[in-house]
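Student: Have a look at this one before I ask anything.
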Amino acid sequence: MKITRRTFVGGAAGVAAAGMLPLRAFAQAKAPANPVTITIVDVAGNLALTQGMFENYAKAKPEFVASFSFTKAPAPELPAKIQAQQAAGKVDIDLVLTGTDALSAGVDQGLWVDLSSKKSALPNLESILLPQAFKMQALAKDQGVVITYYPSGPLIEYMPDKVATPPKTAQELLDWTKQNKNKFLYARPANSGPGRTLLMGLPYLLGDSNPRDPVNGWAKTWEYLAALGENIEYYPTGTAVVFKELGEGTRDIVATTTGWDINPRALGIVPEEAKVGKLEGFHWVTDAHYAAIPKGVSDEKVGVLLDVLNFIYQPQQQAIAYDAGYFYPGPAVKDVTLEMAPAESQEIIKEFGRPEYADWIAGSPLEVPLEPKQLVQAFRIWDEKIGAKKG
């Protein structure tokens, strides 16, 4: 089975958008004087999960939105672009869909609208979000909201015909890379979910003194990454290349997450027979995608965007986030089951999901990522100490 698309707008979600299912009661907004066009920039691959939700909103509320314009950009480049637009007094990006990377950079630079004064226009996030997703919400510092969530990783993915005895510990992985030069790969953490998750997960695996402090508490991690880097050919600037090379046979083991395991196999990029493993001492470093509004967006559009967020928090819309397993499971709100997802999503998860994930999620600690300031520090240190060695 080869899946060639990743956005689903059918099933219960599509029916709800058409007004045929009762929708959960959320804050109600006043329509703008005229329908507006909303420009959304995605730096996290989030549109694979949410584009159907936005399109359903446009169908359900044409008096609010004339259309959505969707574009994509690399996470490391976006903050500077927004900063330049704000300095020029002409912000043409209305909403940013981001992981913790650009979110943290924007919090650090003061780029996002503070939503603390607008909570009455949003649902009670603590009551609707999954407990771990609500913990992720704290990282936004009221400057964004969690819209999708997953346990993430770090996991390893490997081809069993090439790796008969997969590594079980971080030391075994390092030893394997020494014996199999250039056969292990991960991407630059500042622009890769699996790369970022590996970076933040290693301090737990290695028993570092303070997994929350990359400057003073990661001595073992930085030493380990430097040693690992001696056996890595290069660091791709994005995740997709990593899995393309795994599928082509150029690499035999890569850093992965639940979603990056399931989705490339569903798309036929990685062979279905690829396996995953976790290393001894494993802690999940959970991940989320956020919606953040740049400062400089008009009040009228901010009002519409808050209404959009209310809409996509409805369970029928959140079910679309199961997608093709890209961010498995995906929904950030409570009580959104796979049975609520479009039929195609259900089929994909049934065929390409892994039964062991439920046990691993239940049986391993769940950690939130670094705070924004510390995450920016970790990216900087990695770029200077690890990435720079590959030119």
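The values are calculated or read from the model by the stated rules, or taken from the named source; none is laboratory data. The shown structure was predicted, so the numbers you read here are calculated from the model rather than taken from an experiment. Cβ atoms come from the backbone with ideal geometry, glycine included; neighbour counts cover every protein chain shown. For the accessible areas, the whole protein counts, side chains as well, though only heavy atoms, and no ligand, DNA or RNA atoms are used. Shrake-Rupley method; radii C 1.70, N 1.55, O 1.52, S 1.80 Å.
Student: Which residue is nearest to M53 (Cα to Cα), if the candidates are limited to the stretch 65-89 and must be open to solvent by 10 Å² or more (accessible area, probe 1.4 Å) and in contact (Cβ under 8 Å) with a residue 40 or more places away in the chain?
Tutor: Ranking the candidates gives P74 first.
Student: Go through the stretch 108-117 and report how many residues are modelled with pLDDT under 95 and under 24 Å from F54 (Cβ atoms).
Tutor: Number of matching residues: 0.
Student: What number of residues within the stretch 341-391 satisfy the criterion of being part of a loop (DSSP other than H, G, I, E, B), over 22 Å from L279 (Cα atoms) and modelled with pLDDT of 95 or more? Full working, then the answer.
Tutor: The first filter runs over the stretch 341-391 and keeps only residues part of a loop (DSSP other than H, G, I, E, B), leaving 341-342, 353-355, 364-365, 368-371, 391.
Still in the running and over 22 Å from L279 (Cα atoms): 341-342, 371, 391.
Pick out the ones that are also modelled with pLDDT of 95 or more and you get 341-342.
Counting residues in the stretch 341-391 that are part of a loop (DSSP other than H, G, I, E, B), over 22 Å from L279 (Cα atoms) and modelled with pLDDT of 95 or more gives 2.
Student: Run A321 past the list (1) out of contact with any Pro (no Cβ under 7 Å at 6 or more places or on another chain); (2) open to solvent by less than 10 Å² (accessible area, probe 1.4 Å); (3) closer than 26 Å to L122 by Cα; (4) not β-branched (V, I, T) and report the number of the one that doesn't hold.
Tutor: Unmet for A321, out of (1) out of contact with any Pro (no Cβ under 7 Å at 6 or more places or on another chain); (2) open to solvent by less than 10 Å² (accessible area, probe 1.4 Å); (3) closer than 26 Å to L122 by Cα; (4) not β-branched (V, I, T): (1).
Student: In addition: Looking only at the stretch 130-145, which residues are crowded, with 19+ Cβ neighbours inside 10 Å and more than 16 Å from the chain's Cα centre (by Cα)?
Tutor: Q143
Student: Which count do you get for residues in the stretch 229-287 that are part of a loop (DSSP other than H, G, I, E, B), among the hydroxyl-bearing types (S, T, Y), out of contact with any Asp or Glu (no Cβ under 9 Å at 6 or more places or on another chain) and surrounded by 17 or more Cβ atoms within 10 Å (Cβ to Cβ)?
Tutor: Total satisfying the criteria: 1.
Student: Still on this model: Among the residues of the stretch 211-219, is there at least one that is surrounded by fewer than 14 Cβ atoms within 10 Å (Cβ to Cβ) and part of a helix (DSSP H, G or I)? So that I can check it myself, show each step before the final result.
Tutor: We begin by selecting, within the stretch 211-219, every residue surrounded by fewer than 14 Cβ atoms within 10 Å (Cβ to Cβ); these are 215-216, 219.
Okay, now just the ones that are also part of a helix (DSSP H, G or I), so 219.
Among the residues of the stretch 211-219, at least one is surrounded by fewer than 14 Cβ atoms within 10 Å (Cβ to Cβ) and part of a helix (DSSP H, G or I), which makes the answer yes.
Student: Pick out the one residue from A292, A274, A227 that is touching a residue at least 12 places away in the same chain (Cβ under 8 Å), closer than 30 Å to K61 by Cβ and of a type outside the set (F, W, Y). Full working, then the answer.
Tutor: On the way: A274 fails: closer than 30 Å to K61 by Cβ; A227 fails: closer than 30 Å to K61 by Cβ.
Residue meeting the stated conditions: A292.
Student: Same structure again: Taking P315 as the residue in question, decide whether it is farther than 30 Å from Q132 by Cα and either open to solvent by 10 Å² or more (accessible area, probe 1.4 Å) or free of Cβ contacts under 8 Å to residues at least 24 places away in the same chain (or both).
Tutor: Details: farther than 30 Å from Q132 by Cα: no; either open to solvent by 10 Å² or more (accessible area, probe 1.4 Å) or free of Cβ contacts under 8 Å to residues at least 24 places away in the same chain (or both): yes.
It is false that P315 is farther than 30 Å from Q132 by Cα and either open to solvent by 10 Å² or more (accessible area, probe 1.4 Å) or free of Cβ contacts under 8 Å to residues at least 24 places away in the same chain (or both).
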